[in-house]
Amino acid sequence: MGFGFKMENENSVIYGLEFQARALAPLLAETEKLKFIIGTQSLKQSNNQIHLVEFNEDDSTIKPQLFHHMQGEIWKITSSPVDVSKVAVCYNSVIDGTTCAMKTHILKLPDKYDSNVIENLEIANKFDIPSTDVKTTEFHPINDSKAASVTDNRIMIWDISDINSKCISEIQLDTKSNLKFSMGKWNPHQNCNQFSALTETHLKTYDVRTGEIAWNIDSSHGIFLRDIDYNLNKQYHIATCGDDSFVKIWDYRQISQPIFSRSDHTHWVWSIRFNPFHDQLILTASTDGRVLLSSAASVSSENVIEACLSEDSNELEAKQILSDGPLQWCDHEDSVYCAEWSPAEPWIFASLSHDGRLLLTRVKKSLKYQIML
C-alpha cells in the first residue's frame, strides 16, 4: 500500500510507497488528468505492485490505485503515447527458485477500478525473447501496433496487434566488441523510422527499415551513458546524461562536440527530460539525491530573435528568456533514478527516489511567469 501524502512546501506533494522503487512513467496518452505510474522493487517477488497515481492540482491531493505485479520486481516502466490503457514493464523474475531473468510484457489498465480492491492487471501482450536480460520495451511514437524491446545485444521490433507479439525485425549489436545495450528510445522525428540505443559511452541510432546505423555519437560521455531524450520542438537536438555527472545537448548533424554541456550534479545522472512544451526547461535526476530543473535557453526553440522596438533603435535584439543553468531543485533522501514531466500540465513534474518516495512538484510561479511573459 502507499502510506499517504502531505505537503512538503508550496511547490511539492509527497506520496510514499511501502517498497523500494525505481520505475516511473507519465501516462503519455493522458492529456487531461495528471497521471503517473510506478513499479515497485520488493525482493519478495509476489509483493510487487504497480501504483497508478492521479494528482489533483486544485487541492494538492493524490488519488492512488494499486495493482498486483506478482511476476517480479519492476526495473523499467513505459507508457503508450497512443493508447492510455497500455503500459510496458520490464521485470526481474525468479525461475526454478534459483535463476533470475529480466522479462517484459505489456499490461492493460482497466477503464474502471475500485480503489478499495487491489487487482491483477490483464496482460495485453506477451513477448518471446531469447535473452534473459531485457532492458526496456518502448512503444512506437505514433503506431499503436508497434513496439521495440532492447536486450543485452539486440533491438527487436514487434507487431503488438495480437496478444502473442510477433517479431518483425531485429538489429544485432556487433558482438566482436563485447559491448552491450543498456537502454533505447524511438526518435519521434524522421517519420519515426529511427531507434537509438545506448552502449557504454556510445549512442547508436539505427534506421529500423534497414537495420543500418543512421548516425551515432561515440564517446558522448567520459563514462557510462545513462539516458537520452529527444527535443520534440527541434528535430536534430538530443539530450544525454551519464556517470560523469554531465548533462549535454547535441545537434546530431554535427557531433564533434555538444552544443550545451553542464555538470551541476555531484554524482551519476540517470535521467534527462526536455519539457515537451517549453524545451528550454530540462529535468535531470541523479544518485546525488537531487532533481534539478535547469535552463538550456541558449539552444532552445524559444531562444528567438525578436524585433524590440524602442525610442532609440529599430534594431533586432536577441531575446533569451532565461540564463542557462539550474533554476529549481528537489532534495530526496535517497538516489533518484527517474524524473518525468506531466503531459497534461507543462508546469508539473514527478520524481521518484529509491526509498519509494514520489515527489510531485510545481515549477515556481516566478519562473513560469518569466517564460510565459
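Looking only at segment 238-250, decide whether some residue is charged (D, E, K, R), touching a Lys or Arg at 6+ places or on another chain (Cβ under 9 Å) and modelled with pLDDT of 95 or more. Yes: segment 238-250 contains one or more residues that are charged (D, E, K, R), touching a Lys or Arg at 6+ places or on another chain (Cβ under 9 Å) and modelled with pLDDT of 95 or more. Set side by side, the residues F277, F246 differ, and just one is of a type in the set (F, W, Y), surrounded by fewer than 19 Cβ atoms within 10 Å (Cβ to Cβ) and under 30 Å from G356 (Cβ atoms), which is F277.
Against the conditions (1) in contact with a Pro (Cβ under 7 Å, 6 or more places away or on another chain); (2) surrounded by fewer than 18 Cβ atoms within 10 Å (Cβ to Cβ), D133 satisfies every one except (1).
For segment 21-32, which positions are surrounded by 16 or more Cβ atoms within 10 Å (Cβ to Cβ) and out of contact with any Cys (no Cβ under 6 Å at 6 or more places or on another chain)? The answer is A21, R22, A23, A25, P26, L27, L28, A29, E30.
Cβ-Cβ contacts under 6 Å between residues 6 or more apart (or on different chains), taken from a first residue in segment 268-287 that is assigned to a strand (DSSP E or B) to a second residue that is at pLDDT 95 or above and acidic (D, E), are listed as S271/D227; I272/D227; I272/D229; R273/D229; F274/D229. One residue stands out in segment 215-258 among those that are of a type in the set (A, V, I, L, M) and part of a loop (DSSP other than H, G, I, E, B): the one that is farthest from A285 (Cα to Cα), namely I255.
So that you can scan it fast, the table gives a plain yes or no per residue for (1) modelled with pLDDT under 95; (2) aromatic (F, W, Y):
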site	(1), (2)
T287	no, no
V304	yes, no
E311	yes, no
E315	yes, no
K319	yes, no
A344	no, no
F349	no, yes
H354	no, no
L367	yes, no
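A count restricted to segment 351-362 and to residues that are surrounded by 22 or more Cβ atoms within 10 Å (Cβ to Cβ) and in a loop (DSSP other than H, G, I, E, B) stands at 1. Between a residue in segment 59-78 that is outside any strand (DSSP E or B) and any residue that is of a type in the set (V, I, T) and buried (at least 20 other Cβ atoms within 10 Å of the Cβ), which pairs come within a Cβ distance under 8 Å, given they are 6 or more apart or on different chains? Close Cβ pairs (under 8 Å, with a partner that is of a type in the set (V, I, T) and buried (at least 20 other Cβ atoms within 10 Å of the Cβ)) amount to S60/V13; H69/T40; H69/I50; H69/V89. Residue pairs whose Cβ atoms lie under 6 Å apart, sitting 6 or more positions apart in sequence or on different chains, and linking a residue in segment 32-49 that is assigned to a strand (DSSP E or B) to a partner that is aromatic (F, W, Y), are L34/F55; T40/F19. Take F195 and decide whether it is touching a residue at least 24 places away in the same chain (Cβ under 8 Å), surrounded by 16 or more Cβ atoms within 10 Å (Cβ to Cβ) and either under 30 Å from A297 (Cα atoms) or under 21 Å from the mean Cα position of the chain (by Cα) (or both). Yes: the conditions hold for F195. Taking segment 70-123 as the range and being aromatic (F, W, Y) and in contact with a His (Cβ under 9 Å, 6 or more places away or on another chain) as the test, only Y91 passes.
S177 passes every criterion in (1) surrounded by 14 or more Cβ atoms within 10 Å (Cβ to Cβ); (2) among the hydroxyl-bearing types (S, T, Y); (3) modelled with pLDDT under 95 apart from (1). Please tell me if D162 is within 28 Å of L28 (Cα to Cα), buried (at least 16 other Cβ atoms within 10 Å of the Cβ) and among the charged types (D, E, K, R). In short, no. Taking the stated definitions as given, is V117 surrounded by 14 or more Cβ atoms within 10 Å (Cβ to Cβ), within 21 Å of T40 (Cβ to Cβ) and of a type in the set (V, I, T)? When the stated conditions are applied, V117 does not pass them.
Looking only at residues in segment 79-100 that are at pLDDT below 95 and part of a strand (DSSP E or B), the one that is nearest to L358 (Cα to Cα) is S93. Taken over segment 318-343, the criterion of being buried (at least 17 other Cβ atoms within 10 Å of the Cβ), over 11 Å from R290 (Cβ atoms) and of a type in the set (A, V, I, L, M) is satisfied by I321, L322, L327. A Cβ distance below 6 Å, combined with a sequence gap of six or more or placement on separate chains, defines the contacts here; from segment 201-212, residues that are more than 13 Å from L225 (Cβ to Cβ) and in contact (Cβ under 8 Å) with a residue 40 or more places away in the chain reach residues that are crowded, with 20+ Cβ neighbours inside 10 Å and of a type in the set (F, W, Y) in the pairs Y206/F195; V208/F195.
The values are calculated or read from the model by the stated rules, or taken from the named source; none is laboratory data. Just so you know, these numbers come straight off a predicted model, no measurement behind them. Quick reminder, even Gly has a Cβ in these numbers, built from the backbone with ideal geometry, and neighbours come from all protein chains shown.
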